[in-house]
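Undergrad: The structure that follows is given in the form of structure tokens.
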Amino acid sequence: MALSPRLDLRQSQSLVMTPQLQQAIKLLQLSNQELVAYVESELEQNPLLERDEGAAAPDTAAETAAEPVAETPAAEATGETAEIAAAGEEAWGGEGEFDDDGERMDQTPWRATGGRSDFDSDDRQMAETLSREKSLREHLTEQLNVDIDGAADRVIGLQLIDTLDERGYLSGSIEDVAELLGCPVARVEAVLARLQRFDPPGIFARDLAECLALQLIERDRLDPAMRTLIANLPLLAKRDVAGLKRLCGVDDEDLAEMVAEIKALNPRPASAFDHEIAQPITPDILMRPQQGGGWIVELNAETLPRVLVNQRYYAKVNRDSLSKTDREYLTERFQAANWLIKSLHQRATTILRVASEIVRQQEAFFRHGVSHLRPLILRDIAEAIEMHESTVSRVTTNKYMATPRGLYELKYFFTSSIASSAGGEAHSAEAVRFRIKALIDAEAPQEILSDDRIVEILKGQGVDIARRTVAKYREAMRIPSSVQRKREKSLLSKV
């Protein structure tokens, strides 16, 4: 076979990640604080961008937000929203979707406030970003995401985190949290018991005695004598040595050692975090019930940076005698400004579209509580609003919604599912966990439910679940086996 050079024509398709497309993707995944910082950086770099301090929120978003979710079709929820792109399968419109000449773009106002860009290449800003210490809320939320699997329990945990005061103590009552989330007090107490094992030791205590006790448990030093001392802190404050020795059953030397241990504990576990637990999170979406039924979901205007393109300045400078390099620079800055305006608008409407669909899908939770969280995955939302899963993933990260049941990150509404034995709608794994715990809490000492029996009961209720899954959920909730529960309840009945 002879070897010779030749020319071939081949046709192929590929997704080119233009700088504008990369900017659009970047904006979508930013939190509202990061977005403000990014826009502030763009204002500093682009002479054709300026703040619009007094403009109102965009009419399209305001009108959309005012419509009840239950009556607004998903496709119409945000008007002319275009989908954001990611590498691979998805595409946010395409370059043809955007008007590079910027016609009338200066009439889309967005408001910007102060801040710094996390994407600025300045080394000093990078160092400032990296050296920022985590707040107590961030520290606790990270542990919550790792240690607690269930979405419903994480929702309860988030609510408990938000009730902490500057000392790290619970400032609200367990009953109030249970009422807000529509769940039993016992379930909130169970979640609280798990949170009280978080770092720093002593966090989530309800009073000083419990705070000290939690720290002693961490050190494996909460013996009966120490427990008695903790229960009689007023006597310790009065320096009633004789009374404490009598109650604790110890001598002078032991009491002195116990008091020294108490003094070494931290009565304010949150003090190491400089009280940042009180720093509020600004929600991106606001949700409230509508009279006559349905929900109103709207963007929080406080989180929407408002900037505009200075068309007059561009026209004036463009008329002047400029060199070719200056004209190219001015044109590039003008197109970049228009891209930013368009990207901000699409980011806002995409967030609203995703949030509206989440509210539709999880309406039972908002009406009845955590036990009614339905199974939900990214694909469910993506298919309903005809977007890509990765777009929904970006929208639901670091975006918060203020609801009648509290403030939650959008990703907390996603939970796994368990099939229905009757072939109907699947059940949320969290709702199934709730049913298992309710069955065990209600069991009589003479009728302890085995895992097999729980499977039978759940299947009778339409939940198709395996025995090993029941055992897994039970162990995750720190519930002993049926044999252990029977032994414990038998002992309690004899006491």
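Where a number appears in this text, it was derived from the coordinates with a stated rule and is not lab data. Everything numeric in this text was worked out from a predicted model, so none of it was measured. Here the Cβ is made from the backbone with ideal geometry for all residues, glycine too, and neighbour counts use every protein chain on show.
Undergrad: Would you mind checking which residues have amide H under 5 Å from Glu50's amide H? H placed 1.01 Å from N; only 5 or more apart, or other chain.
TA: Long-range HN contacts for Glu50: Leu308, Asn310.
Undergrad: Using θ = phi - 60° and the Karplus form 6.51 cos²θ - 1.76 cosθ + 1.60, what ³J(HN,Hα) does each residue of the range 359-373 get, whole Hz, x for Gly and Pro?
TA: Karplus-based 3J(HN,Hα) across the range 359-373 equals 4, 4, 5, 10, 4, 4, 5, 5, 8, 10, x, 5, 5, 9, 4 Hz.
Undergrad: Separate question: Suppose a student asked you for the relative contact order of the range 208-265, using Cα pairs under 8 Å spaced at least 6 residues apart; what percent would you report? If you can, show how the numbers build up before the last one.
TA: On the way: 32 pairs, mean separation 19.0, N = 58.
Dividing the mean separation by the residue count of the range 208-265 yields 33 percent.
Undergrad: While we're here: Tell me, what ³J(HN,Hα) does each residue in the range 24-30 have, in order and in whole Hz, if you take phi through Karplus 6.51 cos²θ - 1.76 cosθ + 1.60 with θ = phi - 60° and put x for Gly and Pro?
TA: My calculation for the range 24-30 gives 4, 5, 4, 5, 5, 8, 6 Hz in order.
Undergrad: Residue by residue through the range 148-154, which ³J(HN,Hα) values in whole Hz follow from phi under the Karplus form 6.51 cos²θ - 1.76 cosθ + 1.60 (θ = phi - 60°), with glycine and proline marked x?
TA: 10, 7, x, 5, 5, 5, 5
Undergrad: Hey, can you grab everything whose amide H is under 5 Å from the amide H of Val463? Only 5+ residues off in sequence or another chain; H modelled, so Pro and N-termini drop out.
TA: Placed amide hydrogens put Ser421 under 5 Å from Val463.
Undergrad: Related question: Going by amide H atoms built from the backbone, whose H comes under 5 Å of the H on Leu164, apart from near neighbours?
TA: Here Ser171 satisfy the definition.
Undergrad: Among the listed pairs Lys437/Lys486; Lys245/Lys486; Lys411/Lys486; Lys26/Lys411; Lys411/Lys472; Lys134/Lys472, which are separated by more than 27 Å between their Cα atoms? Show your work: numbers first, answer last.
TA: Working: Lys437/Lys486 16 Å; Lys245/Lys486 38 Å; Lys411/Lys486 39 Å; Lys26/Lys411 18 Å; Lys411/Lys472 23 Å; Lys134/Lys472 33 Å.
Violating the 27 Å limit, Cα to Cα: Lys245/Lys486; Lys411/Lys486; Lys134/Lys472.
Undergrad: What list do you get for His368, His388 if you sort them by fewest beta carbons within 10 Å? Intermediate results must be reported in sequence, preceding the final value.
TA: Numbers: His368 12, His388 20.
Taking fewest neighbouring Cβ atoms as first place, the list is His368, His388.
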